[in-house]
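Read through the structure below, which is laid out as structure tokens, and then see the notes.
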Amino acid sequence: MIMQKYKILEHIVIKGERSKVVFLFIGMLILGSAEMAGVASVVPFMSMVTDSSIIFTNKYLNYFYVQFNFQNTDDFLFFSGMVVLGFMATANLYSIYMNWKMQSYVFMQENNLALRMLKKYLSQDYVFFLNRNSSDLSKNILAEIGRSMSGVFFPILQVMSKSIIAAMLLLLLLAADPQLALTILVALGGIYVFIFILVRRLLHKIGNTVANTITQRYKILSEIFSSIKILKLKGGEDELINTYSIPSKKYARFSAISTVISHAPRYILEIVAFGGIMIIVLYLISKGESNSYVISYMALYAFAGYRLLPALQAIYSNLTLIHYNFPALEAIVADLKIIEQDIIKPKKLNSGEVTLNNQIEFQNINFKYPETQEYLLKNINISIKKNTSIAFIGETGAGKSTLIDIILGLHYPDRGSIFLDSSLMTKDKYAEWKRCIGYVPQDIYLTDDTIKNNIAFMSNGIDILLSDVMEAAKVASIHDFIMELPDQYETKVGERGVRLSGGQKQRIGIARALFNDPEVLVLDEATSAMDTITEEAVMKAINNLVNKKTIIIIAHRITTIKDCDEIYMLDSGEIVDHGNFAELTSKNIKFKEMAKK
């Protein structure tokens, strides 16, 4: 189990960061030594308090007494007390410093791991996101990484630190009285080990349950706030609150159980420790030791216990935390492993190396999703010439959107070839190809920002010229509406564009697609949310781009594509007919019926 955990941590701490762990470990050794020195200094001080003659009989104490020219024992006792206090203060201040260093390291690791995870998620093929719930991905980055760092990684550092302190204190007690020290170690350590062995499997099981409840809570909340309009319309607030309360209560209950388990031994050990002090007194008296010896060694064991018990409790409670939160770390590492295997590393290309000069051609394209056996697209053969307009039509499930996703470079065909002019399109060229495309989906995502920034969305940090934004807005027939707003292009659209109508959001999406002046414009049922008049205005603007850009359309209404150069009819993943509007109307009965609707 320990080796398994170490192997998992190798995926969390990258090689460049491991040297920092070594420095932290050195700091822990220094802290342990400081703790031991502070406790050890108590014995001579308490001996002098009970019997000041020791100052003269002990050669080390007498050396300092003479060397610093003390005039009486009271001054020397005061000085010794200040030295002991100084040792303790230094140890405590250094302990604060080390805790800060460990916390800083852990939080930076959390930040680095979150960035790594986000980067690797975004490096995945589009199909990866079709198979994963977005709330699960968000939960991993926002919750599980934090839980892994604060509940596994930091506790490991704490176990290391407190183990060193406990070892140093036990060495000190072994030097004072080996038999008694071993008895204390067996008594105190044995209780913790026994309890930990009993509860570790339970903690791991609880940790798995809690991980599942966190996922459920994220998913439910995501669904609630994503459908708030329908929720308010249907009045289903109570039902959804009850749905959320089930995993939420389970999370609270199991979190409470794990907390009780991690703190329970402390109360038992306080009883054992108090009884142990009385036994130690009787043990020393039975050996015939003097009162001053008994008092000084009682001070040693009491102070050592004061430091040792919290260290042992911290070791135990942090080990329980590790077992409780380890499922979160396993989930993160599992994703890191999968993602590391699936990442596409594109070849670096010069800007403009991938461009459409003549045509893009699809030869015998077949595609299916990894988890399915049946091909969604079968033997697709299409030739799209530059600055022409084409459209895809067909029933729901015919394969139109999947074909568009391949054109966009979001999917790569399982069989067949794509040629850009005469050059074979490979995966490493897709990143450059995507820069040539402006895409308008059916559902437009708008950020809670200004209209200007939404149109210039993902502009890669370039200076946004309002004139460029306005030009794109004019083509999309949204400029006049924007100019009527109080803040015009600086108007905030609200979360997901809640302050705009569906047609207005769609036209902003079209303006966004046109902002970077793409070679190819892809409209995936982009006018479906518009009324007939607005749709006609937008299509008129888009038709003005004919012979200037390559336009690819999935049509909602057949009449909107009557001016396209070529229309492809799809059925069950195959192209069953193609031609311009007039040709298909005359030869294809099904198309003719669709055109009448």
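The values are calculated or read from the model by the stated rules, or taken from the named source; none is laboratory data. Note that this is a predicted model, so its numbers are computed, not measured. Every residue, glycine as well, gets a Cβ built from its backbone with ideal geometry; the counts of neighbours run over all protein chains shown.
General observations
- Meets criteria (of a type in the set (A, V, I, L, M, F, W, C) and within 30 Å of Pro413 (Cβ to Cβ)) for Phe56: no
- Of the residues making up region 123-135, at least one is without any contact (Cβ under 8 Å) to a residue 40 or more places away in the chain and among the hydrophobic types (A, V, I, L, M, F, W, C).
- Close pairs from region 31-53: first among the charged types (D, E, K, R), partner surrounded by fewer than 18 Cβ atoms within 10 Å (Cβ to Cβ), Cβ under 7 Å, at least 6 apart: Asp51/Ser292
- Condition met for Met425 (on the phi < 0 side of the Ramachandran plot and not assigned by TED's automatic domain parsing to the domain that holds Lys548): no
- Flag if Ser123 is surrounded by fewer than 18 Cβ atoms within 10 Å (Cβ to Cβ), under 30 Å from Ile165 (Cα atoms) and under 32 Å from the mean Cα position of the chain (by Cα): no
- The sole residue among Ser161, Ser104 that is among the hydroxyl-bearing types (Ser, Thr, Tyr) and surrounded by fewer than 15 Cβ atoms within 10 Å (Cβ to Cβ) is Ser104.
- Any hit, region 549-563, residues being hydrophobic (A, V, I, L, M, F, W, C), in the same structural domain as Arg415 (by TED's automatic domain parsing) and in a loop (DSSP other than H, G, I, E, B): yes
- Per the conditions (1) touching a residue at least 24 places away in the same chain (Cβ under 8 Å); (2) over 30 Å from Thr585 (Cα atoms); (3) outside any strand (DSSP E or B), the sole criterion not satisfied by Ser417 is (3).
- Among the strands (runs of 3 or more DSSP E) confined to region 311-402, the ones with at least 3 residues that are more than 30 Å from Ala114 (Cα to Cα) and either at pLDDT below 80 or out of contact with any Cys (no Cβ under 8 Å at 6 or more places or on another chain) (or both) are located at 359-367, 377-385.
- Region 46-60: number of residues that are crowded, with 19+ Cβ neighbours inside 10 Å and of a type in the set (A, V, I, L, M, F, W, C): 3
- Exactly one residue among Met3, Met28, Met88, Met48 is out of contact with any strand residue (DSSP E or B) (no Cβ under 6 Å at 6 or more places or on another chain) and either at pLDDT 85 or above or of a type in the set (Asp, Glu) (or both), and that residue is Met28.
- In region 74-110, the residues that are within 17 Å of Leu31 (Cα to Cα) and of a type in the set (Gly, Ala, Ser): Gly86, Ala89, Ala91, Ser95
- Check on Tyr97, surrounded by 12 or more Cβ atoms within 10 Å (Cβ to Cβ), within 26 Å of the chain's Cα centre (by Cα), of a type in the set (Ser, Thr, Tyr) and within 30 Å of Ser161 (Cβ to Cβ): no
- Just one residue in the set Tyr430, Tyr412 is at pLDDT below 85, under 18 Å from Asn364 (Cβ atoms) and of a type outside the set (Asp, Glu); that residue is Tyr412.
- Here the condition is being crowded, with 16+ Cβ neighbours inside 10 Å, under 30 Å from Ile246 (Cβ atoms) and either at pLDDT below 70 or not charged (D, E, K, R) (or both); of Ile206, Ile184, it holds for Ile206 alone.
- Residues of region 531-590 that are in contact with a strand residue (DSSP E or B) (Cβ under 7 Å, 6 or more places away or on another chain), more than 26 Å from Arg415 (Cβ to Cβ) and of a type in the set (S, T, N, Q): Asn580, Asn588.
- Of all the numbered requirements in (1) buried (at least 21 other Cβ atoms within 10 Å of the Cβ); (2) farther than 30 Å from Ser248 by Cα; (3) of a type outside the set (D, E, K, R), Leu113 misses one, and that requirement is (2).
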